[in-house]
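Please read the structure below before turning to the comments.
The values are calculated or read from the model by the stated rules, or taken from the named source; none is laboratory data. Treat the numbers as computed from the prediction; the structure is a model and nothing was measured. All Cβ positions, even for glycine, are placed from backbone atoms using ideal geometry, and neighbour counts span all protein chains on display.
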Amino acid sequence: IIAENWNPEGFTESLYAVLMLEINTDGSLKSIKTVSESGNKKFDREAIKAVKLSAPFKAMAPSAEPIKMEYYFDLQFNTEDYVMKSEEIGSF
């Protein structure tokens with residue numbers, strides 16, 4: 001769902017940023033923390049914006065614990081194409 005709100009247009013270099021997300025059991029976004037900056041402030045802001053626009057996320061079971069996960073924004077330029085990868089590192 002985050003990929004649907006991700007707009008990397010306007011960037012002309014390969015960039016990489018990692019965000020730590022905390023998601024409440026009701027699917028609301030508790031917090032976003034930048035774990036690794038890309039070196040491009042606009043790119044980092046766009047990554048955070050994509051997460052915020054994607055909330056709320058799907059609610060979890062009532063007995064579930066809130067989760068933390070890392071979300072990777074990886075913009076690789078191959079001619080005119082871009083790739084965005086996301087990977088859940090783990091739940092706490």
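The figures follow:
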quantity	calculated
Test: Val51 is among the β-branched types (Val, Ile, Thr), more than 13 Å from Asp74 (Cβ to Cβ), surrounded by 16 or more Cβ atoms within 10 Å (Cβ to Cβ) and out of contact with any Ser or Thr (no Cβ under 7 Å at 6 or more places or on another chain)	yes
Test set (1) loosely packed, with under 15 Cβ neighbours inside 10 Å; (2) over 12 Å from the mean Cα position of the chain (by Cα); (3) more than 12 Å from Ile2 (Cα to Cα) - Pro56 fails condition number	(3)
Matching entry among Leu15, Leu53, Leu21 (being touching a strand residue (DSSP E or B) at 6+ places or on another chain (Cβ under 6 Å) and at pLDDT 90 or above)	Leu21
Hits in the stretch 17-61 - residues which are touching a Phe, Trp or Tyr at 6+ places or on another chain (Cβ under 7 Å) and at positive phi	Gly27
Selected residue (only one of Glu46, Glu70 is acidic (Asp, Glu), crowded, with 16+ Cβ neighbours inside 10 Å and at pLDDT below 85)	Glu70
Filtered residue count, the stretch 23-34, keeping only those that are loosely packed, with under 15 Cβ neighbours inside 10 Å, over 11 Å from the mean Cα position of the chain (by Cα) and assigned to a strand (DSSP E or B)	2
Those residues of the stretch 56-77 which are out of contact with any strand residue (DSSP E or B) (no Cβ under 6 Å at 6 or more places or on another chain) and farther than 18 Å from Thr12 by Cβ, in sequence order	Pro56, Lys58, Ala59, Met60, Ala61, Pro62, Ser63, Ala64, Glu65, Pro66
